[in-house]
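Student: Sending over a structure as structure tokens; questions will come in a sec.
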2 protein chains.
Amino acid sequence: MADYRLWCMGESGNAYKAALMLELCGLPWEPVWVDFFHGETRTTDFRAKLNEMGEVPVLEHDGKHLTQSGVILDYLATLTGRFGAHDEDERREIWRWILFDNHKLTASLATLRYLIQFAKTGETPVTEFLRARAVNALKIVDHHMEGRSFVLGERCTIADLSMVGYLYYGDELTVPLADFPHMAAWLQRIKAMPGWKHPYELMPSAPKGR
Amino acid sequence: MADYRLWCMGESGNAYKAALMLELCGLPWEPVWVDFFHGETRTTDFRAKLNEMGEVPVLEHDGKHLTQSGVILDYLATLTGRFGAHDEDERREIWRWILFDNHKLTASLATLRYLIQFAKTGETPVTEFLRARAVNALKIVDHHMEGRSFVLGERCTIADLSMVGYLYYGDELTVPLADFPHMAAWLQRIKAMPGWKHPYELMPSAPKGR
């Protein structure tokens, strides 16, 4: 059994945040596929044993189960000395963007994609509302990336690995990514890093999930 | 001028998270009212000088401007030694709940309240969707609080102060709070703490904002 086990699925950008970190750090990890589309994360058993919040990712390491991608990223950065903060100001800046990601970027983008791609609702007032919020968040990211290589400046950190979580799903997102050139350049920069893989390469997907 | 200045408004539960912490810690702070309802947080000037994310709260202290309520809470806990973690496991548990709050609880509850109370959209497919998500998040909180006094067990931490951010707005939330008795008892417990105040008492509100 690998040192690190990650409950995940290829469709989850939140799980991807953790999977990409594990892979970029070259850690010995294995995915444990979760049947999200048949409700596995929301069962009493999953909630009791793995995560009361009913979500992936869950990381098992050293007898511990960690949940919330931001916590997992921070844990792995501390353990490996990779992609973490060098001082307190950086640490706060990293958390600031991880919180923005959770509250504004992922919260709108992931939900929009879920409704369109998996729940197959088609265009509704809800998808329209979520898309407007996602675009607002993407504008903030694009503006921030102008003149920067990574979120903190010249060095890739877990803030980047959190924020890119859903951004490689391309057309599945149903937002005009081409409108955000600074963001696109940043995504290419991370994609060029040794060990980078797409979420669907890194984690198993549901047979009919897509 | 007070040592701590907080850009905020009474209608913002996110600003309340920081304001409540400042008040419970007995720190010398003053609110700087932001005219959110006339778009002040989204102006070029506000974004350039205070927060590129276009949001409150912003905390000024010691020549620094801090944003994101989770970062502000963590900063103040470190500085004062109050409501923070005692070890690494606690630290992770605190961040886990602050992230859940940002991603699932506040993200749905605050947006729902905004649409109904301030944007006056009435009931729409969007408010229905957000209410269902808010109720899911509240169920998780209620279940977690069963048999616990505070989020981490017996001691109030910044995880509690983050999660209660919107929960004292009562009827404004348009969710059935009475369905969650363990959560209600926890809210009463925090309300009973010395120095507790309601968001509308702690921060100035817009004249016609409510």
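The values are calculated or read from the model by the stated rules, or taken from the named source; none is laboratory data. Note that the coordinates shown come from a computational prediction; the quantities given were computed from them, not determined experimentally. Don't worry about glycine lacking a Cβ; one is built from the backbone with ideal geometry, like all the others, and counts go over all protein chains shown. Each accessible area value is taken on the protein alone, full model and side chains, heavy atoms only, with ligands, DNA and RNA left out. Shrake-Rupley method; radii C 1.70, N 1.55, O 1.52, S 1.80 Å.
Student: With the requirement that a residue be closer than 24 Å to B:Thr78 by Cβ, among the hydrophobic types (A, V, I, L, M, F, W, C) and either within 9 Å of chain A (Cβ to nearest Cβ) or under 13 Å from the mean Cα position of the chain (by Cα) (or both), what does the stretch B:88-115 give you? Let's see the steps before the verdict.
Tutor: So the first thing to find is which residues in the stretch B:88-115 are closer than 24 Å to B:Thr78 by Cβ, and the list is B:88-103, B:105-106.
Checking the rest, the ones that are also among the hydrophobic types (A, V, I, L, M, F, W, C) come to B:94-95, B:97-100, B:105.
Listed by number, the residues that qualify are B:Trp95, B:Trp97, B:Ile98, B:Leu99, B:Phe100, B:Leu105.
Student: Here is a list of conditions, (1) open to solvent by less than 10 Å² (accessible area, probe 1.4 Å); (2) small (Gly, Ala, Ser); (3) free of Cβ contacts under 8 Å to residues at least 60 places away in the same chain, and A:Ala107 meets all of them except one; can you say which number that is?
Tutor: Evaluating A:Ala107 over (1) open to solvent by less than 10 Å² (accessible area, probe 1.4 Å); (2) small (Gly, Ala, Ser); (3) free of Cβ contacts under 8 Å to residues at least 60 places away in the same chain leaves (1) as the failure.
Student: Is there a residue being modelled with pLDDT under 95 and at positive phi anywhere in the stretch B:73-94? Before you say what the answer is, go through the steps one by one.
Tutor: Residues of the stretch B:73-94 modelled with pLDDT under 95: none.
Checked the stretch B:73-94: no residue is modelled with pLDDT under 95 and at positive phi.
Student: Specify the residue that is farthest from the other protein chains (Cβ to nearest Cβ); the eligible residues are those in the stretch A:130-145 that are open to solvent by 50 Å² or more (accessible area, probe 1.4 Å) and not charged (D, E, K, R).
Tutor: If we take residues in the stretch A:130-145 being open to solvent by 50 Å² or more (accessible area, probe 1.4 Å) and not charged (D, E, K, R), then A:Ala132 is farthest from the other protein chains (Cβ to nearest Cβ).
Student: Looking at A:Ala134, A:Ala119, A:Ala192, A:Ala206, which one is in contact with a helix residue (DSSP H, G or I) (Cβ under 9 Å, 6 or more places away or on another chain), without any contact (Cβ under 8 Å) to a residue 60 or more places away in the chain and among the hydrophobic types (A, V, I, L, M, F, W, C)?
Tutor: Numbers: A:Ala119 fails: in contact with a helix residue (DSSP H, G or I) (Cβ under 9 Å, 6 or more places away or on another chain); A:Ala192 fails: in contact with a helix residue (DSSP H, G or I) (Cβ under 9 Å, 6 or more places away or on another chain); A:Ala206 fails: without any contact (Cβ under 8 Å) to a residue 60 or more places away in the chain.
Going through A:Ala134, A:Ala119, A:Ala192, A:Ala206 in turn, the sole match is A:Ala134.
Student: When the residues of the stretch A:34-86 are filtered to those that are open to solvent by less than 70 Å² (accessible area, probe 1.4 Å), in contact (Cβ under 8 Å) with a residue 24 or more places away in the chain and of a type in the set (D, E, K, R), which remaining residue is nearest to the other protein chains (Cβ to nearest Cβ)?
Tutor: Going through the qualifying residues, I end up with A:Asp74.
Student: Please specify each residue of the stretch B:188-201 satisfying the condition of being open to solvent by 20 Å² or more (accessible area, probe 1.4 Å) and closer than 22 Å to B:Gln117 by Cα.
Tutor: Restricting attention to the stretch B:188-201, the residues satisfying the condition of being open to solvent by 20 Å² or more (accessible area, probe 1.4 Å) are B:188-189, B:191-198, B:200-201.
If the condition is that a residue be open to solvent by 20 Å² or more (accessible area, probe 1.4 Å) and closer than 22 Å to B:Gln117 by Cα, then B:Lys197, B:His198, B:Tyr200, B:Glu201 are the ones that fit.
Student: Being open to solvent by less than 40 Å² (accessible area, probe 1.4 Å) and modelled with pLDDT under 95 is the requirement here; does A:Ala206 meet it? Even if it seems obvious, please write down each step before you answer.
Tutor: Numbers: open to solvent by less than 40 Å² (accessible area, probe 1.4 Å): yes; modelled with pLDDT under 95: yes.
Yes; evaluated as a whole, the condition is true for this residue.
Student: Does any residue of the stretch A:149-163 turn out to be within 9 Å of chain B (Cβ to nearest Cβ) and either among the basic types (Lys, Arg) or over 20 Å from B:Asn102 (Cα atoms) (or both)? Give the steps one after another, and end with the answer.
Tutor: First, the residues of the stretch A:149-163 that are within 9 Å of chain B (Cβ to nearest Cβ): none.
Checking the stretch A:149-163: not a single residue is within 9 Å of chain B (Cβ to nearest Cβ) and either among the basic types (Lys, Arg) or over 20 Å from B:Asn102 (Cα atoms) (or both).
Student: What's the number of the condition A:Thr157 fails, among (1) β-branched (Val, Ile, Thr); (2) in contact with a Leu (Cβ under 8 Å, 6 or more places away or on another chain); (3) in contact (Cβ under 8 Å) with a residue 60 or more places away in the chain?
Tutor: The one condition A:Thr157 does not meet is (2).
Student: Residues A:Glu11, A:Glu55, A:Glu60, A:Glu93: which one is in a helix (DSSP H, G or I) and among the charged types (D, E, K, R)?
Tutor: Numbers: A:Glu11 fails: in a helix (DSSP H, G or I); A:Glu55 fails: in a helix (DSSP H, G or I); A:Glu60 fails: in a helix (DSSP H, G or I).
Matching residue, one of A:Glu11, A:Glu55, A:Glu60, A:Glu93: A:Glu93.
Student: Evaluate the following for B:Ala132: is it more than 20 Å from B:Tyr168 (Cβ to Cβ) and not assigned by TED's automatic domain parsing to the domain that holds B:Phe180?
Tutor: On the way: more than 20 Å from B:Tyr168 (Cβ to Cβ): yes; not assigned by TED's automatic domain parsing to the domain that holds B:Phe180: no.
When the stated conditions are applied, B:Ala132 does not pass them.
Student: Same structure, new question: Name the residues in the stretch A:157-174 that are open to solvent by 10 Å² or more (accessible area, probe 1.4 Å) and either touching a strand residue (DSSP E or B) at 6+ places or on another chain (Cβ under 6 Å) or on the phi > 0 side of the Ramachandran plot (or both), would you?
Tutor: Of everything in the stretch A:157-174, those that are open to solvent by 10 Å² or more (accessible area, probe 1.4 Å) and either touching a strand residue (DSSP E or B) at 6+ places or on another chain (Cβ under 6 Å) or on the phi > 0 side of the Ramachandran plot (or both) turn out to be A:Gly170, A:Thr174.
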